[in-house]
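Below is one structure, written out as structure tokens; comments come after it.
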Amino acid sequence: MIRGAGRMRKLLERSSGEAPKMTPHGRPLGSQDGVFNMKPCIPGVPVPPTILPKHTAREAISDGLITAKVKMRLSADPLTDAYDIRVETFKGSVQLSGFVDTAAARAEALELAWDVEGVQVVEDLLDTRKRD
């Protein structure tokens, strides 16, 4: 049984009047790796901020690969290499931001991002500005 599970069991028994259902590993149902999802267990108790990741490790690795591939394509292309284009990826959604001089450079950057395997959405936050 995990540390503190006994206290949690007693708290759950007092709040609901019945013994909580337990997993085969001795954890109260609604817990994951020692982090309790208290919302469905104890009505009226505020839910603590989650410490679990917002996406899985596999998604994070995939997003990192997509970001690297997009950056590599942008730096290899003569039209987009001169610009500082920032690339961020979350769950297959790529966000391009920064400044470019021409609409052609903007269109090329978007096309290069779309050509990367695994990209589901490309968000265009690029600004077209003439350099002084």
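A few remarks follow.
- Filter result for residue 65 (of a type in the set (A, V, I, L, M), at pLDDT 55 or above, outside any strand (DSSP E or B) and farther than 21 Å from residue 121 by Cβ): no
- On the stretch given as the stretch 72-94, residues that are surrounded by 17 or more Cβ atoms within 10 Å (Cβ to Cβ) and not hydroxyl-bearing (Ser, Thr, Tyr) total 5.
- Only residues that are surrounded by fewer than 15 Cβ atoms within 10 Å (Cβ to Cβ), in contact (Cβ under 8 Å) with a residue 24 or more places away in the chain, under 18 Å from residue 65 (Cβ atoms) and not charged (D, E, K, R) were counted across the stretch 98-132, and they come to 3.
- Some residue of the stretch 77-87 being in a strand (DSSP E or B) and not hydrophobic (A, V, I, L, M, F, W, C): yes
The values are calculated or read from the model by the stated rules, or taken from the named source; none is laboratory data. In this text the structure is predicted, and so the values were computed from the model without any measurement. Note: ideal-geometry Cβ built from the backbone for every residue, glycine included; neighbour counts use all protein chains shown.
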